[in-house]
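Read the structure below first, then the notes.
The values are calculated or read from the model by the stated rules, or taken from the named source; none is laboratory data. Please read these numbers as outputs of a predicted model, since none were measured by experiment. Backbone-built Cβ (ideal geometry, glycine too); neighbour counts: all protein chains shown.
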Amino acid sequence: MTVGFAGLSHLGLVSSIVTASKGFEVVAYDGDPELCRRLGGAQLPAFEPGLAELLAAARSRLTFTADPALLASCGVVFFALDTPTDEEGRSDLAPLRHLVADVVGQAGGEPVLVVLSQVPPGFTRSLADDLFDGRQPDSARVFSQVETLIIGRAVERALHPERFIVGCRDSQAALPPAYRKVLEAFGCPILLMRYESAELAKIAVNVWLATSVSVTNTLAELCEAIGADWSEVAPALKLDRRIGPHAYASPGLGIAGGNLERDLTTVATLATEHGTDASLVEACLANSQYRRDWALRNVHSLLVERNGQPLIAVWGLAYKPDTSWTRNSPALALIRSLAPLAIRAYDPQARLDPAAFPHAAQVESALEACRGAAVLAIMTPWAEFSTCDLREVRKCMAGNGIVDPFACLDPVSCSNVEFRHLRLGSRVAPAGLQP
Amino acid sequence: MIEHLRAAPKAPARVVVLGASGFVGCDLLQHLRELSLEVVGLSSCDLDLSRSDAAERLAGMLEPRDAVVVTAALTPDRGRDARTLIHNLTMAEQIAAGVALRPCAHLAYVSSDAVYADGINPVRESSWRAPGSLHGIMHLAREHVLTDAARAAKVPLLILRPSLLYGARDTHNGYGPNRFVRTAMTDRVIKLFGRGEEKRDHVSVRDLSRVIGLSLLHASVGALNVATGRSRSFFEVAHLVARLAGDGVTIECLPRASAVTHRHFDTSATLKAFPTFRYRPLDDGLSEVVKEICAIRA
């Protein structure tokens, strides 16, 4: 059986390649012919661990095309365009609606249509009604499926999903055989529910995670103020069965990446419209914004006694390790906020746009970034940073301040070479600054 | 958050300071002159903003390329009642009408952190504005009056909300560093309510002037808190002042009249707006105040 994917941004790309790796013939469509040409040549637009290898292994079962007519042969078509959001986390669903209309109009046939994109509650029902004018048999072949990919771990999560959440017009009816066959290839539970429940389930997962992040960040900041250490507190939480070992209990620089913010904003908007209380969600968003500036405040705290125009070294540009994505990256937010102070940055994968950051220069090694720097900010916890030679770093730098939110570096080792090392969730002992 | 209409600093054609004889206005005039800006200071002797013809008179004094800084207000030491509130609002009404008659190039209003609700920490520019005093209500109402006027006249508006200010020439004598310094030097005593547990963010009036100066150079618009980001208890401040004032200063604790509250600021917006600006540490600022008062007395 052939499975179709429409929209080859991150979600569509990962999902189509993973589906091909399960033995299905896959037609992967995108309206951008250049993207399809590059994908046909195995050139991926962004780094995702394991994806290039999976693509190489499944290449013979994949057809990348800019022609929607090729989807006519598919029993199931997944619409997997990542929903764009603005700076306030509001979704723009117009590109997805256009994509669906184009494909249904041009591909023909009667495939099962599955919306895999991130959509708010009510979207799939209205889409089905619009497409088929409310005709029951046709609109019943429209489904929404919840994606729970995590950038940087997308392949792992797509290959081994915990469950499938499927929104249906009639949750009591059996799934169409073609769709069921695709889902069963992954060997996990399949939860059928009405459209709105499935769409809200996706948001519910993210809001739940966002509150965990916010609670962690709130308590980590308190640790910094009262002399506790969150790295000592967190294991106690994770051993509590009601919280669990996989809980989001690591402090961070707010909620990054865009997906959680989008779903928080969706809940806030829905709550306003329907008159339900969303003060918790508003608090999460406010706390996220506040914690995002943690690095900025601490870089300045290390610069407080410095005059002139100090150089700041930044390690890491991607919004998290093992990806080249920089959208909503705290590193870029920091670099932007430090202008016009001079920045020297390094990242193993992500690139800095020199036009957008004229005060910053990207260099090719971590050590090079540190030469003459007053302060080092480690904004993405790439594994290679934790194995750096701290004595060499110390020799390179003009100052002795390190802002290391994710504790890439060992605090004791930093102290041994007289670094003033600031990390999330822990108060640093007062120490003098180097000239 | 504020936004700079001029990325590179450039002197405004002229700066007109309303309230030039007040605590903030005086210091600001001095600072702007140190920056070699052309400055005109107007005090209530030059222009009584509570009079019904003040708008026309102000309009007659303004030039289109002027930057106008509003520091004029009756401060709480002159009254905390409704009459003071109305008086201050009348002044704002006249300023708004004057700007409408003669739009200027830039308008800056020195408001107060009293516009924020009590008990919310850390305070940031987006914090809930729900003042708990007539003084705070006055500043919030003035912000609205001037915002509407500036929007209508297409004048870029900056609102600055300073935390507690201190400085040698302070006339308010409010509870805090200013009063502590005075009583320490005259009576060799500092009186605290309770044990002075309340934490506040104390800002040197010099630093407020520096922030205003930078904002004028960059033609900044929006709202910005003026706070150091480091709150200290009155107890700490009292001990600091006692040390600076020399031997023999005692600290007395009086019965507390109200519950302990704290105020802290998130200063991220200032760090983003002015990355090279540094607030002077409280120890240094108070040391300067003590020296200045000694010099004035001598």
> Out of A:P49, A:P84, A:P45, A:P33, which single residue is within 24 Å of A:F164 (Cα to Cα), touching a residue at least 12 places away in the same chain (Cβ under 8 Å) and surrounded by fewer than 19 Cβ atoms within 10 Å (Cβ to Cβ)?
Replying inline: A:P49
>> For segment B:268-295, give me each residue that is facing chain A (nearest Cβ under 10 Å), of a type in the set (V, I, T) and touching a Phe, Trp or Tyr at 6+ places or on another chain (Cβ under 8 Å).
In response: B:T270
>> Restricting to segment B:127-144, name every residue that is within 14 Å of chain A (Cβ to nearest Cβ) and farther than 16 Å from B:V226 by Cβ.
In response: B:W128
> Can you tell me which of B:R65, B:R33, B:R80, B:R57 is modelled with pLDDT of 95 or more and over 24 Å from B:P103 (Cβ atoms)?
Replying inline: B:R33
> Could you say which residue among A:V281, A:V267, A:V299 is within 14 Å of another protein chain (Cβ to nearest Cβ) and either farther than 17 Å from A:R423 by Cβ or assigned to a helix (DSSP H, G or I) (or both)?
Replying inline: A:V299
> Which one of A:G275, A:G244, A:G257 is at pLDDT below 90, surrounded by fewer than 19 Cβ atoms within 10 Å (Cβ to Cβ) and away from every other protein chain (no Cβ under 14 Å)?
Replying inline: A:G257
> What number of residues within segment A:369-392 satisfy the criterion of being farther than 25 Å from A:L44 by Cβ and touching a strand residue (DSSP E or B) at 6+ places or on another chain (Cβ under 7 Å)?
Replying inline: 8
> How many residues are of a type in the set (S, T, N, Q) and either surrounded by 19 or more Cβ atoms within 10 Å (Cβ to Cβ) or away from every other protein chain (no Cβ under 14 Å) (or both) if we restrict to segment B:106-126?
Replying inline: 2
>> Between a residue in segment B:133-156 that is over 17 Å from B:A117 (Cα atoms) and any residue that is hydroxyl-bearing (S, T, Y), which pairs come within a Cβ distance under 6 Å, given they are 6 or more apart or on different chains?
In response: B:L146/B:Y109
> Looking only at residues in segment A:312-366 that are of a type in the set (A, V, I, L, M, F, W, C), away from chain B (no Cβ under 14 Å) and under 17 Å from A:M397 (Cα atoms), which one is surrounded by the most Cβ atoms within 10 Å (Cβ to Cβ)?
Replying inline: A:V314
> Any chance segment A:126-139 includes a residue that's modelled with pLDDT of 95 or more, surrounded by 14 or more Cβ atoms within 10 Å (Cβ to Cβ) and in the same structural domain as A:A58 (by TED's automatic domain parsing)?
Replying inline: no
> Only one residue in A:A333, A:A313, A:A345, A:A339 is out of contact with any Ser or Thr (no Cβ under 8 Å at 6 or more places or on another chain), outside the structural domain of A:L44 (by TED's automatic domain parsing), more than 26 Å from A:P49 (Cα to Cα) and free of Cβ contacts under 8 Å to residues at least 60 places away in the same chain. Which one?
Replying inline: A:A339
> So B:R169 clears everything in (1) at pLDDT below 95; (2) not in a loop (DSSP other than H, G, I, E, B) except one condition, right? Which one?
Replying inline: (2)
> Conditions: (1) more than 21 Å from A:L8 (Cα to Cα); (2) touching a Lys or Arg at 6+ places or on another chain (Cβ under 8 Å). A:P111 meets all but one. Number of the miss?
Replying inline: (1)
> Are any of the residues in segment B:232-239 away from every other protein chain (no Cβ under 13 Å), charged (D, E, K, R) and more than 23 Å from the chain's Cα centre (by Cα)?
Replying inline: no
>> Considering only segment A:221-236, I want to know if a residue exists there that is touching a residue at least 60 places away in the same chain (Cβ under 8 Å), in contact with a Ser or Thr (Cβ under 6 Å, 6 or more places away or on another chain), outside the structural domain of A:L55 (by TED's automatic domain parsing) and not in a helix (DSSP H, G or I).
In response: yes
